Amino acid sequence: MSLQIQFICELPNGVHARPASHVEAVCKNFRANIQWFNERTKATGDAKSVLSLIGTNTIKGDICQLTIEGEDEQVAFERLQAYLEKEFPLCDEVFAEVDDSIGPLPRSLANLNPKIIRAKAVCGGSAKGKLYLVSGVDFTKMTDFPTACSVDQEIEELQSAVKNLQKFIEMQISLTNDTSKDILSAHLAILNDSQFNQKLAENVVEKGNAGKAIVATAHYFSEQLKASNSTYLQERELDIRDICFQLLQKIYGEARFPAKKALQEDVICVAEELTPSQFLELDKKYLKGLLLKAGGTTSHTVILARSFNIPTLVGVDTQSLVQYLGQNVEIDGELGVICYDLSDKVNRYYQLENALQINLREKQKSFLDQEGRTVDGTKVEIAANIAHPMEAQTAFSNGAESIGLFRTEMLYMDRHNEPSEDELYNTFCQALESAKNRSIIVRTFDIGGDKPVEYLNIPAENNPFLGYRAVRIYQEFLDLFRTQLKAILRASAHGNLKIMIPMISSMEEILWVKEELMAIKQQLRVEKIPFDEKIQLGIMLEVPSVIFIIDQCCEEVDFFSIGSNDLTQYLLAVDRDNSKVTKHYNSLNPAFLRGLDYIVEKVHHYGKWVGICGELGAKGSVLPLLVGLGLDELSMSSPNILSTKARLAKLNKAECRILLNKAMNCRTALEVEHLLAQFTMSQGDVPMISTDSITVNPDWQSKEEIIKGMTDKLLIAERCRYPRKLAEDIWAREDVFSTALGYGFAIPHTKSEHIEQSTISVAKLATPVLWGEEQVNFVIMLTLNKHSAGDQHMRIFSKLARRIMHETFRNQIMNAQSAVEIEQILKTELEI
Ligand code: PEP
Ligand code: MG
C-alpha cells in the first residue's frame, strides 16, 4: 500500500535548489520511500535528493504528486500534507532587491574583509602603490626673508620674478598640448591679473621686502577666495598659492624653496591639498593614484588628474592614513575605496580587476578613431556632452566625433557675478583648440528653474520645471544673453561652433532669438570683428509644442537636438526630479517613442538634421530603437562613447527599424523592455553556450574569484554590461542556498536583467575550491535574461541536474580538455 498527496506547485521560481533542499530535509525524517511526480513533465524524482527533485523540472502551476510508501508512511503522509499546505509555498520568498544607492562593495571584495577607508571618487580606475605624502605649501611658516639694501631693489626683484615666471609659463604652454596647457594658461592669467599685481606692488612698498610681499599677497587672495560661498572659487585658492610659491622660488632659488622630491617607484600620493603645478611636477610614470583631503570635482588638480587618467579620491581623512605611509595601498576610483594592510586575497581581487580593465581597453581601442556606423554602413555621429571647456579634450580622446551639447550654465554657477565676454570667449576658444575643427554645439545658458544662479536673484518657484528658465529669462537678462552670443560668435572665427537654444516652445521665441543674433552679428561686422557668417543655429526639442510646428521651425533653424530628459517629463507630465512619480517617467513609453518617430520623420522631410542629447542617448539597451528612428547624432557623456560605437557596429538599420515599429505598437513600456531584451538576445544569433564564456584551468582560487571571473568574462564577451550587478544577483541566490550540488559540481544561477544574452558559462578548475560546504571543481553558471527567458531557467537547471546524476556525463565533461570540447558536450546533452 502507498499513500499519495496531490498538490499544485505555487513557488514563483519553481523547484530550484533552495526549495528542493527544504523538501529533501523534511522527507529525510522518514524511512518511507517518497517519490515526487510531475504530471506535466511526467518526470519522477526521489524526494530525498535535491538533484533528483530539480530534475523533475517543476515550475509554478505544475500539478504534482508525492507517493509515500514504507512502514512510517502514515506519519510521513500527515507531516508532508501539512508541510505542503503551509510551509512549502513560503519556502522561497521573492529575493529582496539589492539597494546599491549607498554603493556597497561588490560581494567578491566584501567577502574578503578588506581593511578600507572610504572617500569620494572623482576619477575612476584602480591603482596600487606605496603611500607617499606630499606636503603642502605652508605660507604661515615663511617669515624669514633676506632684504636687499633698498625697497627699490626689492621692487625690481619682484617685478623681474613676475616677468621670469610669465616667460617660464609661456614656454611651458608652448611645449604642452593638453589639459595642462589650459591650467597653465589659467595660471598665466593670475600672474597677469591687474589686481594681483597691484596687491604685490602695494605689499612690497609696505613691507619693504619681496618675499613678505608675496606671502602677504597670497594670504590676501587666499582668504578672499576661501570665504567665497562657491566651491569652484574656493578651489581656485590653491592656484594662487601655487603661483606665489613659484615666485618665491624665482627670487630665492629652489634650494630654499625646493620642488618635490622625484618619485622613484609606483606611489599613491596623499596630500592635504596639492597645487596644480605640484601635480604637474610629479612624475606620471610613477604617480599611480591620488588621495586628497581638499579638492572638489572642479579643482584644477582634480581636472588635471582626470586628464592624466589618475585614479583619484577626495575628502580623504589624510590623518588616518599617516600610519600607513610607505606601505602598499590599493585605491579604487569606482568604489571610492582605499584598501590598506592588503591581504593576498585583496591583492588578487585587484589583479583580476586590472586585468579586466586592460582587456576592455584593448578591445575598444579600435573604435577610438572610427566613425559611428552600423554594420550596414549607416552613419550615426557619436558626440559628447560636456559642461566645461577642459572636458572637451577628454571627450575627444575618448573617441567623441564632436561635442553635441556644451551645457554652458556651469560657467555662470558657483560664482558672485557673471563671466565677462572675454572670459566666455576664451572658454569657447579653449574648447575649440582641442576640437581641431570638429564641431561643438554650444547651448546658450539654461539657467533658472532647477538650475539657480544666486546673483541673478530669480525667486524660487513652486513649479520650477514649468517656470522661468532657459530662453524664457533671456529678455529680462538681455545683457547676459547678448554677451554670451557675442562671445560665441567671436570664438566661431576660430573653429566649428554651432549655437543651440534651450526650452524653445514657440515660433515667437525662435524669431526673437534670431533677431537678437542678427543684431549682434551686425554689431560685430561694424566693429570689424571676425566671426563665422554661416554659423548654424539649432534648438533643443524638449517642449512638446515644437513637435507640431517642425515644418515651420525648419524654415528658421538648421538643426534640432532632442532633450529627452525634459521631453519625457513634459510629454508624460512627470517631474523628472520627483521620486514619487519615477515609475511614470519612462522614455520607453510607446507614446514617447511614437513622438520621437514623428519628430525624426518630419525633420528629415523638411531637410534638416536631428540628434539626441538627453540620457536616453547613452542607454545601450535602447540603442537599436535610436538607430531605428534614424537619428543623425547621439550625444552622451564621454565614458559611454566607445561602448556605443562598438554596439552600433553590430546593429543593422533595417532590423532596428522593424524593432522600432514593433515597439511603437506595444501597449506598455514593459512590453517595449521585453521586446528590447529579446532583440538583444537574438542579435547576431549569439549562442547560449560558446567558448567565449568557457574557461579551462583559470587561476581562480575561491568562490569569490570564480564568480567575479565568470561575470567579468561575460562583460568581455559583450553579453552583459554591468558584471558587478550580475554578480550581485548570483550572490543573492548563493546567500540563501549554496548551489554546490554534489559530485564536485556547482550551478550558480540567476534570472537577471543584467545579462543581455542568456548564457551558460563554464569554469573547469584545476584545483578544487570550497563552495559552501563542498569542494567543487566544475562550475556551470546559468545567467538567463529576466525578460526573455520564460521558464528556460528551470528547464535548463533541472536538465543539468539530471545529467549530473549520471556518471557517464560527469566523467565525460570532467575529462574534457578544451573549451571546444566542453561546448560540444553541453550543446548535445542539453539539446541547445
Ligand atoms: C534634456 O533635457 O534632455 C537635456 C539634455 O537638457 P538638460 O538635461 O540640461 O535639461
Ligand atoms: Mg533640458
Problem set entry | Restricting the range 514-534 to residues that are open to solvent by 10 Å² or more (accessible area, probe 1.4 Å) and of a type in the set (V, I, T), the residue that is farthest from ligand 2 (Cβ to nearest atom) | V526
For this session: Could you pull out every one of the helices (runs of 4 or more DSSP H) wholly within the range 502-607 that has 3 or more residues that are in contact with a Gly (Cβ under 8 Å, 6 or more places away or on another chain), within 16 Å of ligand 1 (Cβ to nearest atom) and assigned by the TED database to the domain that holds M664?
Result: 564-571
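Take L485 and decide whether it is crowded, with 18+ Cβ neighbours inside 10 Å, away from ligand 1 (no atom under 16 Å from the Cβ) and under 30 Å from N437 (Cβ atoms). Reasoning before the result, please.
Details: crowded, with 18+ Cβ neighbours inside 10 Å: yes; away from ligand 1 (no atom under 16 Å from the Cβ): yes; under 30 Å from N437 (Cβ atoms): yes.
Answer is yes for this residue.
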Seminar exercise, completed: Note: among E423, E433, E401, just one is away from ligand 2 (no atom under 16 Å from the Cβ), in contact with a strand residue (DSSP E or B) (Cβ under 8 Å, 6 or more places away or on another chain), of a type outside the set (K, R) and open to solvent by 10 Å² or more (accessible area, probe 1.4 Å), namely E401
Exercise. What number of residues in the range 282-323 are at pLDDT below 85 and under 25 Å from M410 (Cβ atoms)?
Worked result: 16
Exercise. Within the range 247-271, how many residues turn out to be within 38 Å of the chain's Cα centre (by Cα) and either without any contact (Cβ under 8 Å) to a residue 12 or more places away in the chain or open to solvent by 20 Å² or more (accessible area, probe 1.4 Å) (or both)?
Worked result: 7
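Of the residues in the range 436-451, how many are open to solvent by less than 20 Å² (accessible area, probe 1.4 Å) and of a type in the set (K, R)?
Applying the first criterion (open to solvent by less than 20 Å² (accessible area, probe 1.4 Å)) to the range 436-451 yields 439-448.
Of the ones still in play, those that are also of a type in the set (K, R) are 443.
Selection size over the range 436-451: 1.
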Exercise. Between residues in the range 302-327 that are assigned by the TED database to the domain that holds G124 and residues that are exposed (fewer than 13 other Cβ atoms within 10 Å of the Cβ), which pairs lie under 9 Å by C-beta distance while being six or more apart or on different chains?
Worked result: F308/K284; I310/K284; Y324/D341; Q327/D341
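Hey, can you tell me all the residues within the range 488-501 that are of a type in the set (A, V, I, L, M, F, W, C), within 16 Å of ligand 1 (Cβ to nearest atom) and under 14 Å from S439 (Cα atoms)?
Residues of the range 488-501 of a type in the set (A, V, I, L, M, F, W, C): 488-489, 491, 493, 497, 499-501.
Now narrow it down to the ones that are within 16 Å of ligand 1 (Cβ to nearest atom): 499-501.
Matches in the range 488-501: I499, M500.
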Seminar exercise, completed: When the range 272-286 is checked residue by residue, the ones that are open to solvent by less than 20 Å² (accessible area, probe 1.4 Å) and not hydroxyl-bearing (S, T, Y) are L274, P276, Q278, F279, L282
For this session: Keeping to the range 544-599, report how many residues are under 28 Å from the mean Cα position of the chain (by Cα), within 16 Å of ligand 2 (Cβ to nearest atom) and among the β-branched types (V, I, T).
Result: 3
Exercise. Restricting the search to the range 13-64, which residues are open to solvent by less than 20 Å² (accessible area, probe 1.4 Å) and without any contact (Cβ under 8 Å) to a residue 12 or more places away in the chain?
Worked result: G45
Seminar exercise, completed: Of the residues in the range 373-398 that are open to solvent by less than 60 Å² (accessible area, probe 1.4 Å) and β-branched (V, I, T), the one that is nearest to ligand 1 (Cβ to nearest atom) is I386
Exercise. Only one of these conditions is not met by K163: (1) open to solvent by 30 Å² or more (accessible area, probe 1.4 Å); (2) touching a residue at least 40 places away in the same chain (Cβ under 8 Å); (3) more than 30 Å from A392 (Cβ to Cβ); (4) assigned to a helix (DSSP H, G or I). Which number is it?
Worked result: (2)
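Need at least 3 residues that are more than 23 Å from D46 (Cβ to Cβ), open to solvent by less than 10 Å² (accessible area, probe 1.4 Å) and not assigned by the TED database to the domain that holds G14 per element, so show me which strands (runs of 3 or more DSSP E) inside the range 738-799 make the cut, counting only ones lying wholly within it. Spell out the reasoning first.
Details: elements: 740-742, 749-752, 759-771, 774-785.
In the range 738-799, 759-771, 774-785 are the strands (runs of 3 or more DSSP E) which contain 3 or more residues that are more than 23 Å from D46 (Cβ to Cβ), open to solvent by less than 10 Å² (accessible area, probe 1.4 Å) and not assigned by the TED database to the domain that holds G14.
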For this session: Answer yes or no as to whether I488 is more than 16 Å from ligand 2 (Cβ to nearest atom) and under 32 Å from the mean Cα position of the chain (by Cα).
Result: yes
Problem set entry | Lone unmet requirement of (1) buried (at least 22 other Cβ atoms within 10 Å of the Cβ); (2) of a type outside the set (K, R); (3) more than 19 Å from L765 (Cα to Cα) for I707 | (3)
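The rows are residues; the columns are (1) open to solvent by less than 10 Å² (accessible area, probe 1.4 Å); (2) touching a residue at least 40 places away in the same chain (Cβ under 8 Å); (3) over 23 Å from I549 (Cβ atoms).
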site	(1), (2), (3)
N578	no, no, yes
S587	no, no, no
V622	yes, yes, yes
N640	no, no, yes
I658	no, no, yes
L670	no, no, yes
Exercise. For the range 12-95, which fully contained helices (runs of 4 or more DSSP H) count at least 2 residues that are among the small types (G, A, S) and within 24 Å of T750 (Cα to Cα)?
Worked result: 17-27
Problem set entry | From the options F428, F481, F465, F396, residue that is within 16 Å of ligand 2 (Cβ to nearest atom) and either among the aromatic types (F, W, Y) or in a helix (DSSP H, G or I) (or both) | F465
For this session: Output yes when any residue across the range 413-424 is of a type in the set (A, V, I, L, M, F, W, C), in contact with a helix residue (DSSP H, G or I) (Cβ under 6 Å, 6 or more places away or on another chain) and either in a loop (DSSP other than H, G, I, E, B) or in the same structural domain as D632 (by the TED database) (or both), and no when none is.
Result: yes
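The values are calculated or read from the model by the stated rules, or taken from the named source; none is laboratory data. Predicted model only: the values in this text are computed from it and were never measured. Backbone-built Cβ (ideal geometry, glycine too); neighbour counts: all protein chains shown. Ligands, DNA and RNA are stripped out before the accessible areas are found, and what is left, the full protein with its side chains, is counted by its heavy atoms. Shrake-Rupley method; radii C 1.70, N 1.55, O 1.52, S 1.80 Å.
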